[in-house]
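Trainee: Have a look at this one.
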Amino acid sequence: MSELRIVAELMAISARTAPKTAGQDFVVTKIIEGDDLKKLAEKMFEFGERTGKGNFDRDGANVRNSDALLLIGLKDARSLGFNCGACGFDKCLKPNTHEGEFRGGQCAYRLLDMGIALGSAVKTASLLNVDNRIMYRAGVVAREMGLIDADFVMGIPLSATGKSIYFDR
């Protein structure tokens, strides 16, 4: 088992144990490495070309040069029923009724839960001196490829070299 696989597993634990609104957990994680990681990088390039969206090539190159990647997402998240309007609607919307790059809408509180899980995961990587970067684009393509069963996904590639590959890109 590689050292970065161990770090990714510890990051997944951090995401799992991060606080969740009302104690309800809809956060899912999956570690990607090896051939699946290389395929993800290739598909990121292809997605950018197919859709005309920028920086999928740049982020795909980062993923290709990474040793592991942690996916963190939301699956079947239910709204809290607060009717607070934070999602942009007067009454709680029915989640996951729109299909796009991600399935949505999502309750703002569930997105906060995912944000806290992401922050907890990257904190763990940072404590272990492993370079990382939260990437929306990796999540979009991983979801499209079926690498994770989730409605809304972000990817966190991992690298341990003499200089972070995720900055000065």
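The values are calculated or read from the model by the stated rules, or taken from the named source; none is laboratory data. Since the structure is predicted, the reported quantities are computational estimates derived from the model, not experimental observations. Here the Cβ is made from the backbone with ideal geometry for all residues, glycine too, and neighbour counts use every protein chain on show. Keep in mind that these areas ignore ligands, DNA and RNA; they rest on the heavy atoms of the full protein, side chains included. Shrake-Rupley method; radii C 1.70, N 1.55, O 1.52, S 1.80 Å.
Trainee: Specify the longest stretch of the chain that does not include any exposed loop site, a site being one of the chymotrypsin sites (Phe, Trp or Tyr not before Pro) with a non-H, G, I, E, B DSSP assignment and at most 16 other Cβ atoms within 10 Å.
Mentor: 1-81
Trainee: To continue, here is another question. I'd like the accessible area for residue 43, computed on protein heavy atoms only with a 1.4 Å probe and all protein chains in place. Round to 10 Å², please.
Mentor: 90 Å²
Trainee: Taking springs between alpha-carbon atoms closer than 10 angstrom, which of 75, 39, 53 fluctuates most in the Gaussian network model of the chain?
Mentor: In this elastic network of the chain, the residue with the biggest mean-square fluctuation among 75, 39, 53 is 53.
Trainee: Okay, moving on. Taking the inverse of the average 1/r across all pairs of different Cα atoms in region 30-94, what Kirkwood radius in Å do you get?
Mentor: 14.4 Å
Trainee: How do 164, 126 rank by accessible surface area computed with a 1.4 Å probe, from largest to smallest?
Mentor: The ranking, largest first, comes out as 126, 164.
Trainee: A further question on this structure: With the crude spin-label approximation of a point 7 Å out along Cα→Cβ, what separation in nm comes out for residue 164 versus residue 97?
Mentor: 4.0 nm
Trainee: Ok, one more. Going from most exposed to least, what order do 168, 25 have by accessible area with a 1.4 Å probe?
Mentor: Solvent-accessible surface, decreasing: 168, 25.
Trainee: Would you mind getting the accessible area per residue of the chain, heavy atoms of the protein chains only, 1.4 Å probe, in Å²?
Mentor: Heavy-atom accessible area per residue stands at 50 Å².
Trainee: First compute the accessible area of the chain with a 1.4 Å probe, then give the percent of it belonging to carbon and sulfur atoms.
Mentor: After summing per-atom areas, the C and S share lands at 52 percent.
Trainee: Based on the alpha-carbon gyration tensor of region 89-128 and its eigenvalue square roots a ≥ b ≥ c, which shape applies: rounded if a/c is under 1.5, prolate if not and a/b is larger than b/c, or oblate?
Mentor: Here region 89-128 falls in the oblate category.
Trainee: So if each residue of separation counts as 0.36 nm, and I subtract the Cα-Cα distance between residue 90 and residue 16, what length gain in nm does that give?
Mentor: Roughly 23.6 nm would be gained on extension.
Trainee: Follow-up. Using a 7 Å offset from Cα along Cα-Cβ at residue 51, what residues in region 138-152 end up with backbone N under 12 Å from the label point?
Mentor: 138-145
Trainee: Please report how far the C-alpha centroid of region 1-41 lies from that of region 72-146, rounded to the nearest whole angstrom.
Mentor: Cα centroid to Cα centroid, the span is 14 Å.
Trainee: Show that you can apply the helix-only estimate: for the chain, add -39,500 (n - 2.57) for every DSSP H stretch of four or more residues, divide by all residues, and state [θ] at 222 nm to the nearest 500.
Mentor: -14000 deg cm²/dmol
Trainee: Under a crude label model (7 Å from the Cα following the beta-carbon direction), how far is residue 129 from residue 5 in nanometres?
Mentor: 2.3 nm
Trainee: Is region 11-66 best put as rounded, prolate or oblate by its Cα gyration tensor, with a ≥ b ≥ c the root eigenvalues, rounded for a/c under 1.5, and otherwise prolate when a/b is larger than b/c, oblate when not?
Mentor: Judged from the Cα gyration tensor, region 11-66 comes out prolate (a/c at least 1.5, a/b above b/c).
Trainee: Need one number: nm distance between label points at residue 24 and residue 58, each 7 Å from Cα along Cα→Cβ, rounded to one decimal.
Mentor: Reported label-point gap for residue 24 and residue 58 is 3.8 nm.
Trainee: Quick one: putting +1 on the C-beta of Lys and Arg, -1 on the C-beta of Asp and Glu, what dipole do you get for the chain around its Cα centre, in Debye to the nearest 20?
Mentor: The dipole magnitude comes to about 320 debye.
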